[in-house]
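The values are calculated or read from the model by the stated rules, or taken from the named source; none is laboratory data. Keep in mind it's a predicted model, so treat the numbers as computed, not measured. Because the Cβ atoms are built from the backbone with ideal geometry, glycine has one as well, and the counts that use them run over all protein chains shown.
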Amino acid sequence: MAERLFCKGFTWGFFSRAGDLFRPEAEASMRRLASNGLDWICIPVNGWQETWHSLHVFSLYGRTQTDDELRHVIALAHGMGLKVCLKPMVNCLDGVWRARIDFPTDDGCRYWESWFASYERFLLHYAALAEATGCEMLCTGCEMGGMDRQAAFCRNVIDGVRGVYHGLLMHNINHGDELRSEWLSAVDVIGISAYYPVTDAEHRGREAMRTRWQQIVPRLEACHRKYDRPVMFAEVGVRTEQGCTMYPWDFHNRPEKPRDEQEQADFYDTAMEATWNLPWFGGYFWWDWRAILPPEEEMARDRDFAIYGKLAEKTLRKWYTGEAEAK
């Protein structure tokens, strides 16, 4: 990588349903997102397996974006001047988090061999699509802790992907796993799901967040130094409720907690403040922006990760358009 990679990005369209990406509302959603100063967009593809211990990864009619939909929105993004990261993501129909996908490795067990054969077929399909549509980056896995422990299989998958796709490869690990895999130098960029808690019950507010981010940065740098690769936040964000920065990864609604746009915005602000100018840091794909937006007035009640129409959208725009650096 001759020049520094830095993605002013966002994740767009996760769990969109069949046909959504062809709707004019989806183009309007992407344009609104791009107006915040983005230069990258991350487009997830919903892959599936039946349970956390199933051996077959597949596309599911009605719940996996079709290839035609993906070609359409990739072209839309490129037409808006955005670079594209295509992100195939495995989800389990039994509701178990994908990091729990795991199998015995006792002598004679060939579960991982079978699973990787299926996963590689799944990933190579989207690698070919990313190559044909000119996507600038492809994510080779997301929060797959069990998979990531199988170094030899992972290296073989990366070799296979490089045979059909010639853009940047990013692998998305979970926070806490920064130094656990020995094979990550095989990809070009290390993405982290950066749902780091930056407050606790005793230490609250912006200054507590700043202090905590400064404690996190050395861990990120250690990851960069171990693998000699740029590190980026492949996912990062929080819900819009009081206390969200104590458990950023948690998507559950807590109706007993007050809605809090300021805490969400402060998380955005302090995360970018801590990492923006680090020479080895590769940027952000914030989580997440819906393909079909509700009326903006409804966002005054929204408590999810979405920032559309909230204080955090203004914070994002401040950083992505250069207003923050100008001050």
Within region 18-36, identify whether any single residue is of a type in the set (Gly, Ala, Ser) and at pLDDT below 95, and answer yes or no. yes
Of (1) free of Cβ contacts under 8 Å to residues at least 24 places away in the same chain; (2) closer than 26 Å to Tyr284 by Cβ; (3) surrounded by 15 or more Cβ atoms within 10 Å (Cβ to Cβ), Gly176 fails just (3)
Does at least one position in region 153-164 carry a residue that is outside any helix (DSSP H, G or I) and closer than 26 Å to Pro218 by Cβ? no
Lone qualifier among Tyr119, Tyr111, Tyr165, Tyr126 - being in contact (Cβ under 8 Å) with a residue 24 or more places away in the chain and over 16 Å from Lys87 (Cα atoms): Tyr111
Of all residues in region 193-248, count the ones that are of a type in the set (Asp, Glu), part of a helix (DSSP H, G or I) and within 28 Å of Pro44 (Cβ to Cβ). 1
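Residues checked against (1) buried (at least 17 other Cβ atoms within 10 Å of the Cβ); (2) on the phi > 0 side of the Ramachandran plot; (3) touching a residue at least 12 places away in the same chain (Cβ under 8 Å):
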| position | (1), (2), (3) |
| --- | --- |
| His203 | no, no, no |
| Met209 | yes, no, yes |
| Arg225 | no, no, no |
| Pro230 | yes, no, yes |
| Pro248 | yes, no, yes |
| Gly283 | yes, yes, yes |
Any residue in region 266-287 that is modelled with pLDDT under 95 and either more than 21 Å from Ala28 (Cβ to Cβ) or outside any loop (DSSP other than H, G, I, E, B) (or both)? no
